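Visitor: Here it is, the structure, as structure tokens.
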Protein chains: 2
Amino acid sequence: MANLKKLFYPKSVAVIGASRNSQKIGNLIFKNLAESDFAGQLYPINPNTQEVLGQPALASVLDLSEPVDLAIIVVPAETVAKVLTEVGQSGTKVAIIISAGFAETGPAGQEKQEKLLEIGQKYHLKILGPNCLGVINPKIGLNASWGETMPKPGKIAFASQSGALAAPVIELVNESGLGFSYFASLGNKADIDETDLLEFFGQDKNTDIILTYLESFKNGPRLVSLAQKIASKKPIIVLKAGQTTQGAKSAQSHTASLATPERVGRGIFTQANIISANSVREIISLARLLTSLGKKQAGPKTAIVTNAGGPGVLATDAIVKNSLSLSCLGQKTVKRLGRILPASASLNNPVDILGDADEKIYFKTSKIILADPEVDNLIIILTKQRGTNVKAIASALVKLKTNKPIIPIFMGGKSILAAKEIFQKAGFTNFYHPQEAIIALAKIISWQKRSKKKITVNQIKINRGQINKLINQANRPRLNEAEGFRLLSACQVNTPKFVILDNQKEGITALEKIGCPAFLKVLSADLIHKTELGAIVKIDFKDDFPEQFNKMNQKFPSAKLILSQGITGGIELIIGVKKDPVLGRLIMIGAGGIYTEILKDSVFRILPIGKNDAREMISELKIHPILKGARGSQAINLEAVEETLLTIAKLAEAVPKINQLEINPLIAGSKSVAVDVKISLVQD
Amino acid sequence: MANLKKLFYPKSVAVIGASRNSQKIGNLIFKNLAESDFAGQLYPINPNTQEVLGQPALASVLDLSEPVDLAIIVVPAETVAKVLTEVGQSGTKVAIIISAGFAETGPAGQEKQEKLLEIGQKYHLKILGPNCLGVINPKIGLNASWGETMPKPGKIAFASQSGALAAPVIELVNESGLGFSYFASLGNKADIDETDLLEFFGQDKNTDIILTYLESFKNGPRLVSLAQKIASKKPIIVLKAGQTTQGAKSAQSHTASLATPERVGRGIFTQANIISANSVREIISLARLLTSLGKKQAGPKTAIVTNAGGPGVLATDAIVKNSLSLSCLGQKTVKRLGRILPASASLNNPVDILGDADEKIYFKTSKIILADPEVDNLIIILTKQRGTNVKAIASALVKLKTNKPIIPIFMGGKSILAAKEIFQKAGFTNFYHPQEAIIALAKIISWQKRSKKKITVNQIKINRGQINKLINQANRPRLNEAEGFRLLSACQVNTPKFVILDNQKEGITALEKIGCPAFLKVLSADLIHKTELGAIVKIDFKDDFPEQFNKMNQKFPSAKLILSQGITGGIELIIGVKKDPVLGRLIMIGAGGIYTEILKDSVFRILPIGKNDAREMISELKIHPILKGARGSQAINLEAVEETLLTIAKLAEAVPKINQLEINPLIAGSKSVAVDVKISLVQD
């Protein structure tokens, strides 16, 4: 954190590779620093020149009398390691590596990049980049980047994994009347990543809103735990690119990013209470609306005032589609509206004040509606019709006094620019299209709501010793069915009754105990497609058993067989745990059976999860209505599902030896039963 | 059509209700007509005034020496019928009723509106409105509306069910450099509706693109058959509001619209090859991109040139999410690119030409890529970076000669306005955000592709006489199971074997013939929830039959029982036919079982449908991959499903006596079997 303070508030900066050649980035960066209002010391470092922009150049940072706060490296890739070492030796604690030619170029570049990290670690030197644009702090006039524009100062911090996206985002945000506290280009994220910046921005008093453009995650668990805390105070917006396989592939050659499937990303954003944006336009909509709301609390119940029926209908559709609701206006409100509105106006929400509505009608209608306790937010729509005085109406509306969010949607082009500016000056923000405003509003409401939720913990207890003992007894990379069942049983997860059979006679006795239907399977940790291989058979009737047993025995003469209870009724689910190289341990619950892939119905979280997370995961399943007993189907014991999910989560946390675990299916009914489980172990 | 010609090209216009009071719409309309370039005759009609804007007023249209081409009525609702009658008597054949206060106000208004329609029919007088803004024809300077602005002339026809949406749409389209052939406000659509305008715009040589904003459909079958024909030549874009129940409710009080569920609307748009837009912004994106493409054919294989990695990744995501594909550039192309691009450029698609790319690099790269046969369209992305000469690059790119679509995406704000204008002048259109361009492109590709498809017919033959005989024999409003099965069998639709039982003994004989499992049910057309009432029981074993029969007999002593074959295996589907008040007869196929509602997996079409429609309906099902045999499940005989669907479609067409029909489930396996069917008949 101290290092990051120096990244954004350096008192002295050395540019290694500062150049006199105006075509070179080393010149651009030095020029940006020299020509901005930045008041700190600047040192051009270049062994091949006497001076840069009138300042005497030094051959190396080692020639400085004392270490600078920030070193910026803009030399060819092959020289970076050498100068970085010198930076470390000089005692400087943070460096920006602008130079490209590292992990984004492939394995050789990746190796070079790892070398840089080693140097950094050796000298306790934090590194931003390589392959980045630099940082900007408009407040102190610091443009330590090769970007062209100095953004207007403001309250938005922006961390971008693409340097080139900085220009349009900064321009569009500035043109919306908003400004930046910081900009930082993340590049390849060899060392400093989004979580470091998040931590800094989260504690920073000059930052109200955090924007990020990411092509990959670096450290999932840290992202989640940090973001959860920060998001309770300020919003974090992420635009995640590389959601599709091909998009991820392009990201790989751009900033050496590892892919995270969209479904997994969605789970992380929910868990971390990060607002996920789908486009640059949406980033900007969110920043604008968040700024205009300030500390105001938005809610789902939304009222609409409009002088145009059509846009009122479009807004209504958008409200319902985004899980908000139309306020049901109180009788008193409707009566009061009736007194001021013409007879043909529509007094119910959306309140249509007709095409000839003037500033008085707009103001009075809005005031009456805002007073209704059934209204959480007010959307005010205008299209310019004959005689509509756009400026007068905007000027009247900004005088509304309320602690409820107001969103003007004045639709059109140049004819409403004047209103847009009036709104902007008064701290409102105008949207041109109802859908865009409402999508942003819905996301903000969800963030505000979640930011008030307590973070719960997982209180399940696992007998670690017993589990490890079972694992050691099994002594193989993958557990077989019996070992898996025993392990789950040791965690109080229900499993079917089972018996390992040595001969047919044992089977008959076992079947009498277990009952029909039952499954006769080859006991094996390694046989994957048992159904396809005929290594599993259902026994519906006791009389069928001997024949089936003999068949199986002939087919797999050297294999042990296992007989397990068939569980009937209930709904099939999947619970799984796996390790992801950047996200850490992920837990998943999904719909089972043939619909798994069709429904794409799975919900992910990063471990650890708490009780609230588990409940939320289940409620996010598309089949949740079925689990709750929709369409006359019997309701499932959801608490049992929740408990199983939390148990598996705790098991994975408590026993690092477990590499991957999949219960498929978990049959959920009046209780939950893990009918099949695959567990693989971490190999030493 | 002749009447519509007079609506848009009148030689003489009477404004009934033309007023001297500048606050009144009757004044605004007359002023619009008088002050525009319209060269035809104008007559103010108002019994209470001598002149309007210097023109002598007449008391009634009956005072005119000859009928005008177009009468515009702007009098209070209660006087409309009277003046409309006079218009009819005068011999005028088309009228616009601007006045509100009809169906949109409720049942009394609806009655008043029907009266107008009667008057129109009596005098062969076509009516636009009531409750509308009027029409505009910029080419002849006709502003027969109370809208403020005269749009710039051009090739886009716009029909809007909301008058108030006209202003922003016209302004935004004009600001994009495009113009209008016609604008018409549909209002309550008492008489002239979207299909009439569609027919006119479709045949009109001045119109290349048809835009519509609709809150409801008026005549589904005509819309489909007309649009199918027109869409083979020019695109039809519809923004449909009122998709949600609440949105439809607001539309009801706005233009008296009847709701059409979103799923049904989607089916109609596909069937009619209408491009469905989701927002006003999308309407405009589509109009812009369609205009810039002209006759160029777009295709799925898309190449990207970009000076910025991040936006390239975002564009890639959008391409994949919208079912387009990244062009796989040929070796030759990659080699040629390698010769002109720097070493660190990315030569594969998306082609990253790096931040310092100039106009020469942009031009040459684009030219090379366009020559690759694997490229259907080219997206050219730019963000303004240090030294990027936006104007020079745009000027270079518009010189590219190709018959492939080129879409520039120059991202930013004011800094790229100059480029936007260069593109606009050269017939290109710039997008600010990759996603918006790609969504529009994908919709246009789908329209182009479908516009080349032949319209197929349904060649199934139905024995009408036999079906009607069966219906007459049944002689009740709803057919019972046996009657339903017989009717389907007569159409060659597979049904289970069944026997109607008079006594237990018959049942045992029947069961021997039918086999187990079988179902024993109460034979009744009126008992709806048979499962819940215990009026249906599964017979798994022959021995269980006598007991089950007796139980059922005791429970329903006066009912006849039916024993039917249980069909096992296969996948459950639903096929249904119903009547919709505006859409006519709809046919539906959907996923069956408990997932029906969760998957919301149903596809609708308006009858008649052809072979291609049936195939397409099945392929649009979310469970289509399962039907095709995904995940190791057995493939279903899809031709059998298709044939059943076409048979039911033909049955509904051929036998108008059938009001509603639902096969649920249709069990689809190696053949398709209708396991249960409910048929209700039209009551005379």
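Visitor: When DSSP beta bridges are limited to those with both residues in the range A:1-104, what percentage is antiparallel, rounded to the nearest 5?
Guide: Numbers: 2 of 15 bridges.
Taking every DSSP beta bridge with both residues in the range A:1-104, the antiparallel ones total about 15 percent.
Visitor: Ok, one more. Distance between Cα centroids, the range A:1-75 to the range B:613-672: provide it in whole Å.
Guide: One Cα centre to the other: 71 Å.
Visitor: Per-residue counts of other Cβ atoms within 10 Å, averaged by peptide: what ranking do you get for A:503-509, B:604-610, highest first? Don't skip to the end; give the middle numbers.
Guide: Values: A:503-509: 14.4, B:604-610: 22.4.
Top to bottom by mean Cβ count within 10 Å: B:604-610, A:503-509.
Visitor: Starting from the Cα gyration tensor of the range B:375-436, take the square roots of the eigenvalues, sort them a ≥ b ≥ c, and report rounded, prolate or oblate (rounded when a/c is under 1.5, otherwise prolate if a/b is larger than b/c, else oblate).
Guide: Numbers: a/c = 1.68, a/b = 1.37, b/c = 1.23.
Since a/c reaches 1.5 and a/b is larger than b/c, the shape of the range B:375-436 is classed as prolate.
Visitor: Further, regarding this structure: Run through the other copies and list how far each one's label point is from that of B:LYS205, in nm with one decimal, shortest first; the point sits 7 Å from Cα along Cα-Cβ.
Guide: Listed shortest first, these distances are 7.4 nm.
Visitor: Using the Cβ atoms and a cut-off under 13 Å, what net charge is assigned to the surroundings of B:VAL94, where Lys and Arg are +1 and Asp and Glu are -1?
Guide: Details: positive: B:LYS5, B:LYS6, B:LYS11, B:LYS93, B:LYS126; negative: B:ASP69, B:ASP191, B:ASP196.
Net local charge, B:VAL94 excluded: +2.
Visitor: Give a residue-ordered list of calculated ³J(HN,Hα) values for the range B:372-386 (Karplus: 6.51 cos²θ - 1.76 cosθ + 1.60, θ = phi - 60°; whole Hz; x for Gly, Pro).
Guide: Whole-Hz 3J(HN,Hα) from phi for the range B:372-386: 7, x, 7, 10, 8, 9, 10, 9, 10, 9, 9, 10, 6, 10, 3.
Visitor: For B:GLY154, list long-range residues whose amide hydrogen, built 1.01 Å from N in the peptide plane, is under 5 Å from its own amide hydrogen.
Guide: B:PHE180, B:SER181
Visitor: Additional query: Take peptide B:156-167, look around each residue's Cβ out to 10 angstrom, count Cβ atoms belonging to other protein chains, and average those counts.
Guide: Numbers: counts 0, 0, 0, 0, 1, 3, 8, 6, 17, 8, 4, 13.
What the average comes to for B:156-167 is 5.
Visitor: Now for a different question. What number comes out for accessible area per residue over the range A:1-147 if the probe is 1.4 Å? Units Å², please. Intermediate values should be presented prior to the final figure.
Guide: Values: 6330 Å² over 147 residues.
Result: 43 Å² per residue.
Visitor: Here's a follow-up. 7 Å along Cα→Cβ for the label point: how many nanometres lie between B:VAL398 and each equivalent label in the other copies, listed shortest first?
Guide: 3.6
Visitor: Enumerate the calculated ³J(HN,Hα) couplings along the range B:654-665 in order (Karplus 6.51 cos²θ - 1.76 cosθ + 1.60, θ = phi - 60°), each rounded to whole Hz, writing x wherever the residue is Gly or Pro.
Guide: 6, 10, x, 5, 6, 8, 9, 9, 9, 9, 8, x
Visitor: How much net charge surrounds B:TYR9 when only other residues with a Cβ under 15 Å from its Cβ are counted (Lys, Arg +1; Asp, Glu -1)? List each step's numbers first, then the result.
Guide: Values: positive: B:LYS5, B:LYS6, B:LYS11, B:LYS93, B:LYS126, B:LYS139, B:LYS205; negative: B:ASP37, B:ASP69, B:ASP204.
The answer is +4.
Visitor: For a protection proxy built on the mean count of beta-carbon atoms within 10 angstrom, sort A:545-558, B:478-491, A:515-528, A:263-276 highest first, please. Please list the in-between numbers first.
Guide: Working: A:545-558: 14.2, B:478-491: 20.0, A:515-528: 17.5, A:263-276: 21.7.
Listed from highest to lowest mean packing, they are A:263-276, B:478-491, A:515-528, A:545-558.
Visitor: At a 1.4 Å probe radius, carbon and sulfur cover how many percent of the accessible area of the protein assembly as shown? The partial results should precede the final answer.
Guide: Working: 28210 of 55720 Å².
Carbon with sulfur: 51 percent of the solvent-accessible area.
Visitor: Also, I was wondering about something else. Where the label is 7 Å out from Cα toward Cβ, how close does A:SER65 come to the same position in every other copy, in nm, shortest first?
Guide: Counterpart label points of A:SER65 in the remaining copies fall at 10.4 nm.
Visitor: Also, quick follow-up: Excluding ligands, DNA and RNA, what is the accessible area buried between chains A and B, summed over both sides, using a 1.4 Å probe, to the nearest 100 Å²? Please list the in-between numbers first.
Guide: On the way: alone 30870 and 30910 Å², together 55720 Å².
Approximately 6100 Å², summed over both chains.
Visitor: Still on this model: Roughly how many Å is it from the Cα centre of the range A:193-235 to that of the range A:548-612, as a whole number?
Guide: Rounded to whole Å, the Cα centres lie 34 Å apart.
Visitor: Can I ask one more? So which of A:LYS295/B:LYS414; B:LYS295/B:LYS391; A:LYS538/B:LYS622; A:LYS152/A:LYS401; A:LYS240/B:LYS628; B:LYS335/B:LYS367 end up more than 22 Å apart, counting from Cα to Cα? All intermediate terms of the calculation are to be shown ahead of the outcome.
Guide: Working: A:LYS295/B:LYS414 31 Å; B:LYS295/B:LYS391 27 Å; A:LYS538/B:LYS622 30 Å; A:LYS152/A:LYS401 29 Å; A:LYS240/B:LYS628 34 Å; B:LYS335/B:LYS367 14 Å.
In this structure, A:LYS295/B:LYS414; B:LYS295/B:LYS391; A:LYS538/B:LYS622; A:LYS152/A:LYS401; A:LYS240/B:LYS628 exceed 22 Å between Cα atoms.
Visitor: Taking K and R as +1 and D and E as -1, what net charge do the other residues with C-beta under 13 Å from the C-beta of B:ALA157 add up to? Could you put the intermediate results ahead of the total?
Guide: Details: positive: B:LYS139, B:LYS155, B:LYS205, B:LYS234; negative: B:GLU194, B:ASP196, B:GLU199, B:ASP204, B:ASP208.
Charge balance in the 13 Å sphere: -1.
Visitor: Hey, can you find the accessible area per residue of the range A:302-347 for me, probe 1.4 Å, expressed in square angstrom? Intermediate values should be presented prior to the final figure.
Guide: Numbers: 1800 Å² over 46 residues.
On a per-residue basis, 39 Å².
Visitor: Additional query: Using just the helices of chain B, give the 222 nm mean residue ellipticity in deg cm²/dmol: DSSP H runs with n ≥ 4 each add -39,500 (n - 2.57), and the total is spread over all residues, rounded to 500.
Guide: Working: 25 runs with 269 residues, N = 684.
Computed ellipticity for chain B at 222 nm equals -12000 deg cm²/dmol.
Visitor: Could you pull out every residue, at least 5 positions away or on a different chain, whose amide H is within less than 5 Å of the one on A:LEU329? Hs are placed 1.01 Å off N in the peptide plane, and Pro or chain starts have none.
Guide: A:ASN349
Visitor: Determine the residues within the range A:576-620 where the difference in accessible area between the chain on its own and the full set of protein chains amounts to at least 50 Å²; count protein heavy atoms only and use a 1.4 Å probe.
Guide: A:ILE594, A:TYR595, A:ILE598
Visitor: How much accessible area per residue does the range B:148-277 have, counting only protein heavy atoms and a probe of 1.4 Å, in square angstrom? All intermediate terms of the calculation are to be shown ahead of the outcome.
Guide: Details: 3690 Å² over 130 residues.
Result: 28 Å² per residue.
Visitor: How big is the antiparallel share of DSSP beta bridges in the range B:303-461, given as a percent to the nearest 5?
Guide: On the way: 1 of 13 bridges.
Of those bridges, close to 10 percent are antiparallel.
Visitor: For the range A:302-312, take each phi angle, set θ = phi - 60°, evaluate the Karplus expression 6.51 cos²θ - 1.76 cosθ + 1.60, and give the result in whole Hz per residue in order, putting x for glycine and proline.
Guide: 10, 9, 10, 10, 8, 9, 9, x, x, x, x
Visitor: In terms of modelled amide H atoms, which long-range or inter-chain residues lie less than 5 Å from the amide H of B:ILE381?
Guide: B:VAL305, B:THR306, B:ASN307, B:ILE409
Visitor: Given axes a ≥ b ≥ c from the Cα gyration tensor, I'd like to know whether chain A is rounded (a/c under 1.5), prolate (a/b larger than b/c) or oblate.
Guide: On the way: a/c = 3.00, a/b = 1.26, b/c = 2.39.
Judged from the Cα gyration tensor, chain A comes out oblate (a/c at least 1.5, b/c at or above a/b).
Visitor: Which of the GluC sites (Glu not before Pro) found in the range B:38-118 are loop residues per DSSP with 13 or fewer other Cβ atoms within 10 Å of their Cβ? Numbers along the way, then the final one.
Guide: On the way: sites: B:GLU51, B:GLU78, B:GLU86, B:GLU104, B:GLU111, B:GLU114, B:GLU118; in loops: none.
Qualifying residues, ordered by number: none.
Visitor: Next up: By its C-alpha gyration tensor, with a ≥ b ≥ c as the square roots of the eigenvalues, how is the protein assembly as shown shaped: rounded for a/c under 1.5, else prolate for a/b larger than b/c, else oblate?
Guide: Working: a/c = 1.92, a/b = 1.01, b/c = 1.89.
Because a/c hits 1.5 or more and a/b fails to exceed b/c, the protein assembly as shown counts as oblate.
Visitor: What FRET efficiency, computed as 1/(1 + (r/R0)^6) with R0 = 51 Å and r the Cβ-Cβ distance, is obtained for A:ASN550 and A:GLN459, rounded to the nearest 0.05? Spell out each step's value before the answer.
Guide: On the way: r = 49 Å, r/R0 = 0.96.
With a Förster radius of 51 Å, E is 0.55.
The values are calculated or read from the model by the stated rules, or taken from the named source; none is laboratory data. Computed from a predicted structure; not experimentally measured. Cβ atoms come from the backbone with ideal geometry, glycine included; neighbour counts cover every protein chain shown. SASA here: full protein model, heavy atoms, side chains in, ligands and nucleic acids out. Shrake-Rupley method; radii C 1.70, N 1.55, O 1.52, S 1.80 Å.
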